[in-house]
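Taken together, the values in this text are just the output of simple stated rules run on the coordinates, not laboratory data. Keep in mind that this is a model prediction, so the values were computed, not measured.
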């Protein structure tokens, strides 16, 4: 949609940090419509357990679209237990080619502790370098901060929390109300 017709949903920063045998996914709670904060305590990071397999996912973009994609990911994981990469690739393929799904406006970060992926509607399944991934309005701020903090002795959760605090100080669409989920490799 063009900026003239779309109301201007912003307000998500999702960050994943892999360090010391753990992956931490942190998401802020702000949802904005234009220049107005609509909600400050949204939960954009979720723990999924399809077929007993634990996966942590964070989303940026339209909430309804993201929930649709998370449901599809759970279905893929149930059909292919223990194969996160395969499920992510199948989801991205469907997302890119399906007439209904290709209109969904969201991005996902998913991890099973061993693998970490960013999934987009352009058909991308990206495994980030440097053990850090970020999406959303404040994603670049959080990514830069986390990359710098990876040079310290902080654990994964401390890096994620500090980087999200930096992003919240810089990005007007990001707040400090965090949801943080951790998963072991």
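The table below lists the values:
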quantity: The stretch 1-133: projected area of the alpha-carbon convex hull, averaged over directions, in nm²; calculated: 8.4
quantity: Cα gyration tensor category, rounded, prolate or oblate, for the stretch 68-185 with a/c compared to 1.5; calculated: prolate
quantity: Computed lengthening from residue 144 to residue 39, 0.36 nm per intervening residue step minus Cα-Cα distance; calculated: 35.2 nm
quantity: Length released on extending from residue 83 to residue 177, taking residue separation times 0.36 nm less the Cα-Cα span; calculated: 30.6 nm
quantity: Fluctuation leader among 16, 162, 134 - the chain, Gaussian network, Cα springs under 10 angstrom; calculated: 162
quantity: Cα pair distances exceeding 16 angstrom across the stretch 7-69, given as percent; calculated: 52
quantity: Percent RCO, i.e. relative contact order, over the chain, from Cα pairs under 8 Å lying at least 6 residues apart; calculated: 32
quantity: Separation of alpha-carbon centers, the stretch 8-72 and the stretch 75-92, rounded to whole Å; calculated: 19
quantity: Residue-span extension gain [residue 105 to residue 47] - 0.36 nm each, minus C-alpha spacing; calculated: 18.8 nm
